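First the structure, in the form of structure tokens, and then the observations on it.
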Amino acid sequence: MKAGFPFAATIRLAMLVALGMAVRLFAIEIQGGGTDYITWARANYFGGITPLYLKLADALLDFRYAIDETALGYPPGYPAVLAAFKLLGLEDLQSMRVAQAAIDCAGVPLSYYLLRRAGVHVALALCGAALYAVYPLWAFGSTFLLAEFASPVLLLGALALTVHCADRERPATALLAATGGYLGVAALIRPDLLMLPGMLGAWIVWRHTNWRGVAAAGVLLAGFAVPMSGWGLHNRLVHGHWIFSTTGGGNALWEGLGALPNPYGFVLDDLAASEVLRSKGMKRLSVEGDRYFRSEYFRAWREHPEFVLSVIKWRWTNLLTDSETWLPEAESTSRLDRFLDQCGVLLVLVAAIAFRRSPVRLLIVVVPVVYALASIGMTHWEPRYVRYVHLSYLFALLMLLDLAVVQVGRFSRRAGLAVLALPCAATAWAAGDVVASARYEADAARAIALAGAAEEKGTLAPGIDLCRLDFEPAVAAARLSRRGCDLDLVTSPEPFFYQAAATVPVPEGSVVILRYAGRIETGGLAVGLVTEDDARFIAQASHPAAGEFEGRLTGYAGRGDAVRVMVSNFHPGGGSSQATLSRVEVQCHPVACTAGAPGRQTGQDANPKSPHDAR
């Protein structure tokens, strides 16, 4: 199918790109790191790698990249992206995150293009584009200053270019060479894409089944070789070694075997890996260290093949069924995420069988997941590396829905349209749900940041202490008693059940800060802030062992008129817990909390919830 971008589709896609950009901007605000991204990332998301990329970007701009030893361990692609941002005047890291979000939004029209090339109904193709725009796995993952931010959009671009090249009787040589060059640049950004040209070249040969296919694949690989050879030649001239990727590959292979407990000395720990090399007089990311780790990896294959295969099986299982979770507050995409994790492989298998005679559909459905298994699945898996696996799952789902629309439409056009309307309505609901949830969480992040600044300045309004909080039992079996202001609590035996609660009226949009302390005699407790209807925790911490405990929680009250300070039994083995709360203080921002009405007693008719299950 010839699938271009007619005017109406272009307008719709532009709107979806704007929607995707809005979700990604919300994601940046929700995640934090606006004041000091590096410090935030070190504490929350692989922040130790970003300074190395920034250092290499500065080295590129100062023409010092050739003499920086760190460059051997990291290819120049992503540092070049950061350097380009700086040349464009984007010096602060938050602006770079916004630029990355804009790059990732290219996945919106690319998803539409691929689905239309596969013959999918235009409405379902727009659904695919909309889901790429709002799906938190892609939206949130694109905003971290790490090379893998680009993995999904790079793969989509590779698939789109390959389809465009091969979907003609005589593939254009210049376009094939340019596609190969694109793949080379992609591999210099993300080294795990190094084998992708081989898979795409094999598809081109199969697609044409004659000498033209072989010639086209050869041109593609030749184009790929140009940037890779340039990088290899650079390393040969400067460092004296032909290195076409990085010196980190051996480290990844060796540490990857440490994902499972073993008696062979493999450990999934950068510091431990560095210490192993140091004990042998080598440095991490050095040529010698890379060779040593590779030799150890292949020795493991020779001497312990069962163990290596067990690690690969573990990787494959996780790769296929375990993805990163972002914005769990959006119920629609959280359900979609769980469904794809659980059923995605089945969807791909069914789609591969159903469309086995359609080369384009097979390419789009199969390549992302199979390539992940053949690359990351064989080396070192982390969820952030393979966010593109869900592309296979989503495309398979949409293509099977398209098949259902066609089959039902043969009997009744009205019924076919009804089937088509269901995923369209679900996509619209998901988009609205994500935007509403993301906006709410962004408001919360902004308000919490302002409250934190007020707390640092000492300008928070006075709080409500334990003496003024009216705690009531949340279940009939819980026993509460006062000793002065201290609150003694003996819980019911059920693990994780709500036990005692105090209601605190708060103004709409307030941030609530809870400080508490006490002593657990037996069992364990969880302390949290929940919405007034007890349906969702807005902040929670657990203290599972006997002894002194204390904590500080911050939560956003949002649109509610009150929050509840909730104490739960946190005794995983079951049984009653006994504890004393000696301090509970609640402060609100931007105005003071009020002591308010006593918390309602739920008694035997209560439906207590686990702090793990409450949403």
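Computed from the coordinates by the stated procedures, all read-outs in this text should not be read as laboratory data. Quick caveat, the model's predicted, so the values are computed rather than measured. Backbone-built Cβ (ideal geometry, glycine too); neighbour counts: all protein chains shown.
What ranking, highest mean first, results for peptides 7-16, 529-538 when packing means the other Cβ atoms within 10 Å averaged over each residue?
Values: 7-16: 14.5, 529-538: 17.9.
Those peptides, ordered most packed to least, come out 529-538, 7-16.
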Matching label, mean projected area of the Cα convex hull in nm² computed from the structure shown, candidates (1) 50.9; (2) 33.4; (3) 42.0: (2)
Inter-centroid distance (Cα atoms) of the stretch 535-570 relative to the stretch 346-368, Å: 47 Å
Local electrostatic count at residue 25 - Lys and Arg +1, Asp and Glu -1, tallied over other residues with Cβ under 14 Å: 0
Vicinal HN-Hα couplings computed from phi for the stretch 458-471 (Karplus, 6.51 cos²θ - 1.76 cosθ + 1.60; Hz; Gly/Pro x): x, 9, 5, 5, x, x, 9, 9, 4, 4, 9, 8, 9, 7
The stretch 191-201 - phi-based ³J(HN,Hα) in whole Hz, Karplus 6.51/-1.76/1.60, Gly and Pro as x: x, 6, 8, 4, 8, 4, x, x, 5, 5, x
Calculated [θ] (222 nm, deg cm²/dmol) that DSSP helices of n ≥ 4 give over the chain, each run adding -39,500 (n - 2.57): -18000 deg cm²/dmol
Sites residue 283 and residue 64 - FRET efficiency at Förster radius 22 Å, r taken between beta-carbons, to 0.05: 0.70
Karplus-derived HN-Hα couplings along the stretch 266-272 (A = 6.51, B = -1.76, C = 1.60, θ = phi - 60°), whole Hz, x at Gly and Pro: 7, 9, 8, 7, 4, 5, 5
By average C-beta atoms within 10 angstrom, highest first, the peptides 515-523, 350-358: 515-523, 350-358
Cysteines (scope the chain) whose Cβ has no counterpart Cys Cβ under 4.7 Å: 105, 127, 165, 343, 424
Nearest 10 degrees, 0 to 90: helix 50-61 Cα axis against the chain principal axis: 40 degrees
Segments 242-250, 387-395 sorted - mean Cβ within 10 Å per residue, highest first: 387-395, 242-250
Spatially proximal aspartates and glutamates relative to residue 55 (Cα-Cα < 16 Å; intrachain offsets below 8 disregarded): 68, 69, 91, 92
The stretch 442-507-the stretch 76-133 distance, computed between alpha-carbon centres (Å): 44 Å
Long-range HN-HN contacts of residue 543 with modeled amide H, under 5 Å: 525, 526, 527
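Going by C-beta contacts inside 10 Å, put 91, 306 in order with the fewest on the left. Intermediate results must be reported in sequence, preceding the final value.
Details: 91 9, 306 6.
Neighbour counts put them in this order, fewest first: 306, 91.
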For the stretch 417-440 and the stretch 232-274, distance of Cα centres in Å: 44 Å
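How high is the relative contact order of the stretch 451-589, in percent, counting Cα pairs under 8 Å that sit 6 or more residues apart? The partial results should precede the final answer.
Working: 380 pairs, mean separation 49.6, N = 139.
With pairs under 8 Å counted, the relative contact order is 36 percent.
State, as an integer percentage, the relative contact order of the chain based on alpha-carbon contacts under 8 Å between residues 6 or more apart. Don't jump to the answer; show the numbers that get you there.
Details: 1088 pairs, mean separation 73.7, N = 615.
It rounds to 12 percent for the chain.
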